[in-house]
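Student: Before I ask anything, here is the structure I am working with.
Readers should treat all values here as calculations from the given coordinates under stated rules, not as data from a laboratory. All values derive from a computational prediction rather than experimental measurement. Please note: Cβ atoms are built from the backbone with ideal geometry, for glycine as well, and neighbour counts cover all protein chains shown.
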Amino acid sequence: MTQVSPSLLSADFCHLAREIEMINESAASMLHLDVMDGVFVPNISFGFPVIKDVSNRCKKPLDVHMMIVDPGRYVNAVRDCGATLMNVHYEACTHLDRVIQSIRQAGMRAGVTINPATPVELLTDILDQLDMVLIMSVNPGFAGQKFIRRAVDRTRRLRQMIDERNLKTLIEVDGGVNLDTGRVLVDAGADILVAGNFVFSATDPKAAIAALAAL
């Protein structure tokens, strides 16, 4: 069964409590939260007060994706908001090993995200320290973008790297995920699908989540 992490960025923020309750009742494995600073990515989303309130209501683990400059500064703040997993961008961390160790020492699971133009092979020396790798299948910063097809090959290559070393690192993919793209990503080795518009724009969001989970 595929794990599904609905992206809060596509939710109706005027009815956030209702959206979170839907997630609680759904087949979602976790909830994906995109934190954007308007510098690393050309958009601003939400910060720690929102994450904390979401954590107080959400019964699923929080998958916090830090699309910001120098995310290592905020490890403790993310932990204090109730995050289960903190995901940082390879491209935003000058000292990635140090950041990963800080996340683990804070008691969270550690993930690293790579942008569409970043080769998966650059993670070779850090892969055994990661609980998750997030492959971006769109350029980060906005919801509703078109799926970048080469993400499928990148997922397949990363799966080979993980399997060759008998690691338990999970592969998550974010961007343009629907039933069609989700199917090919799962076939390529993805463990977790992040879905925003496909879930929150659906007539029946819980059914959309269940359909992805069945892939």
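Student: Take the Cα atoms of the chain, find their three principal axes, and give me the spread along each one in whole Å, biggest first.
Tutor: Extents along the principal axes, in whole Å: 42, 36, 30.
Student: How far, in nm, would the chain grow between Phe48 and Asp70 when pulled straight, counting 0.36 nm per residue and subtracting the alpha carbon separation?
Tutor: Additional length available on full extension: 6.3 nm.
Student: Let me ask something additional. So if R0 is 35 Å, what FRET efficiency would Arg165 and Val39 give, r being the distance between their Cβ atoms, rounded to the nearest 0.05?
Tutor: Rounded to the nearest 0.05, the efficiency is 0.50.
Student: Which of Phe200, Phe13, Phe142 moves the most in a Gaussian network model of the chain with Cα springs under 10 Å?
Tutor: It is Phe13.
Student: Report the far tail of the P(r) of segment 99-215, meaning the percent of Cα-Cα pairs longer than 26 Å.
Tutor: 20 percent
Student: Another question, then. Check Ala195: other-chain or 5+ apart residues with amide H under 5 Å from its amide H, H built from backbone geometry?
Tutor: Hits under the 5 Å cutoff: Ser5, Ser7.
Student: With just the Cα atoms defining each centre, how far is segment 133-179 from segment 64-131? Give it in Å.
Tutor: 16 Å
Student: Something else about it: Test of understanding: what is the full-extension gain from Glu121 to Asn56, defined as 0.36 nm times their sequence separation minus their Cα-Cα distance?
Tutor: 19.6 nm
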